[in-house]
Amino acid sequence: MKEILAYPANYWQTMYEIWLFISVVIYLVVFLPAAYFLIKYRYRKGVNEKAQEVKESKALEVLWTIIPTIVVIYLATHSFAFYRIQRNAPENALEIKVTAFMWGWEFEYPNGKKVYSFFNSVVNPETNVYLKPEEVNDMFKAYIPEDTPIKVLCTSRDVIHSFYVHPAKVTEDCVPGRITHLWFQINQQGDYWVFCREYCGTQHSKMAAVLKVVPKGEFEKWLNQGVQSNNPSDKQNL
Ligand SMILES: [Cu+2]
């Protein structure tokens, strides 16, 4: 079985697990003695009522300075190494230009083909049930090839949005007048949500698009079918 998601998603996951583990360890190291001392040295009449002199311990001071320093240096360097991988798309990545607007996404492929996806409610308005990405009309899906790194160059036409590929764990702000970038790779065919992850106005929740991951051959065929007929003046059905 191949992994659904290749890096950088798996780096995000590893980093998340490392940070979670260290956080839990630090919590226990701090909280357990604190709880113990809280009970041990609680106020009791006639016991330890006089202030006591604190004895300094050089060894302890050195220890609790050095250990956190090592932990912080480890997290910083490790995170930076992962960040570089997540930041720099491989050479063979397929470049897609994404322009965010209120409230949708425009995808532009290297041959000029464009897909507009907008006002996609993620909830069925009648039943109030969450939609599956496969339920969105294929016309409004941005196709991408499987097993291929995708580099997204993102900008915005109006306010700041954020392009977020749900399963790939990557997100990047789309800022007017600026081009930002991110990359990801999905190894399993299927439909995946893209959300706007930066609150941008009343219809923010409808800024969802769908990526359709298909085999490379099918992608090429779709890409060369010419510019899609859907454009922002057509009203999209769900
Ligand atoms: Cu938005």
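Brief remarks on what is shown
- Restricting the range 124-143 to residues that are without any contact (Cβ under 8 Å) to a residue 24 or more places away in the chain and in contact with a strand residue (DSSP E or B) (Cβ under 8 Å, 6 or more places away or on another chain), the residue that is surrounded by the fewest Cβ atoms within 10 Å (Cβ to Cβ): Val129
- Residue that is nearest to Gly201 (Cα to Cα) [pool: residues in the range 118-135 that are touching an Asp or Glu at 6+ places or on another chain (Cβ under 8 Å) and not in a loop (DSSP other than H, G, I, E, B)]: Pro133
- Selection within the range 72-110: residues that are within 28 Å of Glu220 (Cβ to Cβ) and open to solvent by 80 Å² or more (accessible area, probe 1.4 Å). The member of this set that is farthest from the chain's Cα centre (by Cα) is Pro110.
- Lone unmet requirement of (1) surrounded by fewer than 16 Cβ atoms within 10 Å (Cβ to Cβ); (2) closer than 21 Å to Asn137 by Cα for Ile186: (1)
- Matching residues, the range 158-186, being away from the ligand (no atom under 11 Å from the Cβ), in a loop (DSSP other than H, G, I, E, B) and at pLDDT 90 or above: Val175, Gly177, Arg178, Ile179, Gln185
- Some residue of the range 49-61 being assigned to a helix (DSSP H, G or I) and either open to solvent by 100 Å² or more (accessible area, probe 1.4 Å) or in contact (Cβ under 8 Å) with a residue 24 or more places away in the chain (or both): yes
The values are calculated or read from the model by the stated rules, or taken from the named source; none is laboratory data. Quantities reported herein were computed from a predicted structural model and do not represent experimental measurements. For neighbour counting, all protein chains shown are included, and Cβ atoms are generated from backbone atoms with ideal geometry for every residue, glycine included. Side chains are part of the model used for accessible areas, which takes the heavy atoms of the whole protein and leaves out ligands, DNA and RNA. Shrake-Rupley method; radii C 1.70, N 1.55, O 1.52, S 1.80 Å.
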